[in-house]
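Shown next, in structure tokens, is the structure this report addresses.
The values are calculated or read from the model by the stated rules, or taken from the named source; none is laboratory data. Just so we're clear, the structure is a prediction, and the values are computed from it rather than from any experiment. No Cβ is skipped: glycine too gets one built from the backbone with ideal geometry, and neighbour counts run over all protein chains shown.
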């Protein structure tokens, strides 16, 4: 999964384009070069990638309308690729996860805990298969089992458990 490309022909993407924002219109979120404002549309998939010009060629997934055009990387990448994980500002930076937990991967105990998690989920990893839509349901069940094992290893208590009310 780490070696697979993030952007490939056929991938559905969010794209910032001039389009019709009227929810009740038949051309809702479809590309319209005459539109004055850009909106985020989820109706397009990549048909080709021009790495020299830094642009994607997109086509509409709509059954009623075929729209095909090119857009710069800057109209696609921020909406499909953006992931920023915070770091503490110290000599020993630690990740700050969205739920408020901090994780310092240089700490030997944290490394040991990560090894424990890796060994706990290792038997399930081989059952993941994202390449075939027929196995996507079973892959989802495997992902749920993996998350349960990770939570069991980390033994985190949420804000609502163990609180006297």
| So residue 136 fits all but one of (1) at pLDDT 65 or above; (2) part of a helix (DSSP H, G or I); (3) surrounded by 11 or more Cβ atoms within 10 Å (Cβ to Cβ); what number is the exception? | (1)
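Can residue 128 be described as surrounded by 13 or more Cβ atoms within 10 Å (Cβ to Cβ), closer than 16 Å to residue 151 by Cβ and modelled with pLDDT of 75 or more? Show your work before the answer.
Numbers: surrounded by 13 or more Cβ atoms within 10 Å (Cβ to Cβ): yes; closer than 16 Å to residue 151 by Cβ: no; modelled with pLDDT of 75 or more: yes.
The answer is no for residue 128.
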| said: Based on this model, can you work out whether residue 76 counts as assigned by TED's automatic domain parsing to the domain that holds residue 44 and at pLDDT below 85? | reply: yes
| note | Taking the stretch 20-40 and the residues there that are at pLDDT below 85 and in a strand (DSSP E or B), the one that is surrounded by the fewest Cβ atoms within 10 Å (Cβ to Cβ) would be 28
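How many residues are modelled with pLDDT of 80 or more and closer than 9 Å to residue 15 by Cβ if we restrict to the stretch 44-56? Step through it out loud before you land on a result.
Our first condition is that a residue be modelled with pLDDT of 80 or more; within the stretch 44-56, this holds for 44-50.
Then keep just the ones that are closer than 9 Å to residue 15 by Cβ; that gives 44.
Number satisfying all stated conditions: 1.
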